[in-house]
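For reference, the structure is listed below as structure tokens.
The values are calculated or read from the model by the stated rules, or taken from the named source; none is laboratory data. Treat the numbers as computed from the prediction; the structure is a model and nothing was measured. We place every Cβ from the backbone using ideal geometry, glycine too, and count neighbours over all the protein chains shown.
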Amino acid sequence: MASDQDLVVETVREILHGHEPFVLTAERSWDEGLWAALADAGLTGVGLPEEAGGSGGELADAVAVVRTLAAGAGAVPVAEQLLVAGPALVAADLDLPSPDEPLTVAFEGTVAAEPSDDGDGPGRFVLTGTATDVPWAGVARHVAVLATPPAGIEGAVLAVVDASGLTASRAVNLAGEPRGSLVLDGVGVPGALLDPARAAQLRARYALARAVQISAALQQVLAWTVQYAGERVQFGRPLGKFQAIQMELAQMAGEVTATAALVDAAVQALGRGEETLPLAAAAAKVRAGEAVERVAKLAHQVHGAIGFTQEHRLHHLTRRCWSWRDEAGSELTWSRTLGAALVAAGPDDVWPAFTAVV
């Protein structure tokens, strides 16, 4: 008997079947039809509590939706909405925008928050500055902004901004996904103060969301490459019969499996609400980034020239993986986080601290 999660995954796959991936352009920067179909099915609110306006369900359900869309190269901001911005707003007791409208995050740039004096009461801030590298800028209707708090206060301010009146600069990642900037010139918005630990958890969520997407995409890349090696005949036999190709497929499988293991461990840490989430997410993001380099290279090597053409499906995922690798913190950024935590643990607690992460 199929579980609820299996049914969710099957529904997403059926919707994806009617929305083949395409090369993103300035004229068509996202798959609006795919988003509408997902929203109609209630899938853009999975994992968010019904009392807040979501569709209900568990974290695992939301992760399953994100994984399935990542493997299908879905050009929609679901990872940002279901795994980062949505849960963050709910946890901060801020109103969750309608899940039918795209919601994204803005964690980079120089945005400062000051208490509002407009007489609307507490919980209002004025944001000033520029948010950079905003995923789906110009597409998302609402943005969860992480801003610098007023002087003398540690942590961050989480605010939700209606982006419909803001102009987004035109910038994209290697896959063509929008990554523009938003200028916030004295915008009054609802917000909440986050202590340093909660702010770190939120950044870790973003890194984990990208690691989840990378892991799912790499699993699909491996599956396609194994299939191609079994079908493509060279010198009278399938590529998969050559020992050199078998070794490359084995290397790819090892990278994909190791990445999936660390990503799953981080997702479980998130589900349990553990304080080790930033370190678990750091380990997952670092491992996922390293796997991208090896898996994408070997996949294109096995496919040959056909894998680089726009007509072939492979580049839709490898270009996304190369892009996601550098977003939400690179391997260097998160390796430093891991290293600092292990050093802080002291010589007697290094191994326990390390094993707590993985």
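Checking each residue of segment 227-235 against the condition of being closer than 21 Å to residue 71 by Cα, in contact with a Pro (Cβ under 8 Å, 6 or more places away or on another chain), small (Gly, Ala, Ser) and surrounded by fewer than 20 Cβ atoms within 10 Å (Cβ to Cβ) gives at least one match.
Which one is nearest to residue 291 (Cα to Cα) among residues in segment 220-237 that are outside any helix (DSSP H, G or I) and modelled with pLDDT under 85?
The extreme case among them is 232.
Within segment 134-157, being under 14 Å from residue 206 (Cα atoms) and touching a Phe, Trp or Tyr at 6+ places or on another chain (Cβ under 6 Å) holds for one residue alone: 146. Listed by first and then second residue, the pairs linking a residue in segment 335-358 that is free of Cβ contacts under 8 Å to residues at least 40 places away in the same chain and more than 20 Å from residue 272 (Cβ to Cβ) to a residue that is in a helix (DSSP H, G or I) and of a type in the set (Ser, Thr, Tyr), with Cβ atoms under 9 Å apart and 6 or more places separating them unless they lie on different chains, form an empty list. Is it the case, given these coordinates, that residue 186 is surrounded by 22 or more Cβ atoms within 10 Å (Cβ to Cβ), among the small types (Gly, Ala, Ser), touching a strand residue (DSSP E or B) at 6+ places or on another chain (Cβ under 8 Å) and not in a helix (DSSP H, G or I)? Judged against the criteria, residue 186 is not a match.
Taking the criterion of being polar (S, T, N, Q) and surrounded by 23 or more Cβ atoms within 10 Å (Cβ to Cβ), no residue of segment 146-183 qualifies.
Within segment 262-272, not a single residue is touching a helix residue (DSSP H, G or I) at 6+ places or on another chain (Cβ under 9 Å) and outside any helix (DSSP H, G or I). Looking across segment 248-271, just one residue is among the acidic types (Asp, Glu) and without any contact (Cβ under 8 Å) to a residue 12 or more places away in the chain, and that is 264. In segment 90-117, of all residues being over 21 Å from residue 50 (Cα atoms) and either touching a His at 6+ places or on another chain (Cβ under 7 Å) or touching a residue at least 40 places away in the same chain (Cβ under 8 Å) (or both), the one that is surrounded by the most Cβ atoms within 10 Å (Cβ to Cβ) corresponds to 105.
Might you check whether a residue that is in contact (Cβ under 8 Å) with a residue 24 or more places away in the chain, farther than 27 Å from residue 259 by Cα and surrounded by fewer than 16 Cβ atoms within 10 Å (Cβ to Cβ) occurs anywhere in segment 51-62? No, because not a single residue in segment 51-62 is in contact (Cβ under 8 Å) with a residue 24 or more places away in the chain, farther than 27 Å from residue 259 by Cα and surrounded by fewer than 16 Cβ atoms within 10 Å (Cβ to Cβ). Selection of segment 302-358 for residues being basic (Lys, Arg) and assigned to a helix (DSSP H, G or I) yields 319, 320, 325, 336. Of all residue pairs spaced 6 or more apart or on separate chains, those with beta-carbon atoms under 9 Å, a first member in segment 16-39 that is of a type in the set (Val, Ile, Thr) and a second member that is surrounded by 12 or more Cβ atoms within 10 Å (Cβ to Cβ) are 23/176; 23/315; 23/316; 25/176. Residues of segment 160-175 that are of a type in the set (S, T, N, Q) and in a loop (DSSP other than H, G, I, E, B): 167, 169, 173.
Among the residues of segment 189-197, are any within 30 Å of residue 279 (Cβ to Cβ), among the hydrophobic types (A, V, I, L, M, F, W, C) and part of a helix (DSSP H, G or I)? Yes, because at least one residue in segment 189-197 is within 30 Å of residue 279 (Cβ to Cβ), among the hydrophobic types (A, V, I, L, M, F, W, C) and part of a helix (DSSP H, G or I). The requirement of being closer than 28 Å to residue 75 by Cα and in a helix (DSSP H, G or I) is not satisfied by residue 246. Got at least one residue in segment 283-297 being within 16 Å of residue 227 (Cα to Cα) and either aliphatic (A, V, I, L, M) or in contact (Cβ under 8 Å) with a residue 40 or more places away in the chain (or both)? Yes, that holds for at least one residue. If you go through segment 240-280 and keep only what is of a type in the set (Phe, Trp, Tyr) and at pLDDT 95 or above, you end up with nothing. Being more than 22 Å from residue 273 (Cα to Cα) and either within 14 Å of the chain's Cα centre (by Cα) or among the hydrophobic types (A, V, I, L, M, F, W, C) (or both) is the filter here; which residues of segment 73-100 pass it? Matches in segment 73-100: 73, 74, 75, 76, 77.
Output yes when any residue across segment 149-159 is assigned to a strand (DSSP E or B), not assigned by TED's automatic domain parsing to the domain that holds residue 262 and not aliphatic (A, V, I, L, M), and no when none is. Within segment 149-159, not a single residue is assigned to a strand (DSSP E or B), not assigned by TED's automatic domain parsing to the domain that holds residue 262 and not aliphatic (A, V, I, L, M).
For residue 76, the test of being part of a helix (DSSP H, G or I), surrounded by 16 or more Cβ atoms within 10 Å (Cβ to Cβ) and of a type in the set (A, V, I, L, M, F, W, C) is failed.
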